[in-house]
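Read through the structure below, which is laid out as structure tokens, and then see the notes.
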Amino acid sequence: METIKLLGGSEVQVDLSKPSWCGSCANEIYWAKTKSGKNTPISKTEQGFYESHFANCPFAKKYRKKR
Ligand SMILES: [Zn+2]
């Protein structure tokens, strides 16, 4: 696990050796843990930054409804 900073400025803990895939758009994501202990999917942008996958998933609206 390592701590990285997302584009929005929040820090999360993530194991970058364990990539996963978004069930909606099939992009590569990582499951990260926020400071408040929530699991959140993040993904790497083309520029090499990490951000919440909710921010760039084309299916984010659907995704959010599920949970
Ligand atoms: Zn997605």
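With each label point set 7 Å from Cα along the Cα-Cβ vector, what nm distance links Ser36 and Ile4?
So the two model labels end up 2.2 nm from each other.
Counting each DSSP H run of 4 or more residues in the chain as -39500 (n - 2.57), what helix-only mean residue ellipticity at 222 nm follows after dividing by all residues, to the nearest 500 deg cm²/dmol?
Helices in the chain give a 222 nm mean residue ellipticity of -3500 deg cm²/dmol.
Would you kindly compute the Cα radius of gyration of the chain and its largest Cα-Cα separation (Dmax), both in Å?
11.2, 29
What residues qualify as long-range amide H neighbours of Phe49, i.e. H under 5 Å apart, gap of 5 or more or another chain, H built at 1.01 Å from N?
It is none; the list stays empty.
Under a 5 Å amide H to amide H cut-off, with H placed in plane at 1.01 Å, what residues pair with Ile29 once short-range neighbours are removed?
Under 5 Å from the amide H of Ile29: Ser20, Trp21, Cys22.
Would you kindly state how much longer the chain becomes between Glu11 and Glu46 on full extension, computed as 0.36 nm times their sequence separation minus their alpha carbon distance, in nm to one decimal?
My answer for the length gained is 10.6 nm.
Can you list the HN-Hα couplings for the stretch 28-44, worked out from phi with the Karplus curve (6.51, -1.76, 1.60; θ = phi - 60°), rounded to whole Hz and with x for Gly and Pro?
6, 10, 10, 8, 10, 10, 7, 4, 7, x, 8, 7, 9, x, 10, 9, 8
Where a number appears in this text, it was derived from the coordinates with a stated rule and is not lab data. This structure is a prediction, so every number in the text was calculated from the model and none was measured. Counting neighbours? That spans all protein chains shown, and the Cβs are built from the backbone with ideal geometry, glycine included.
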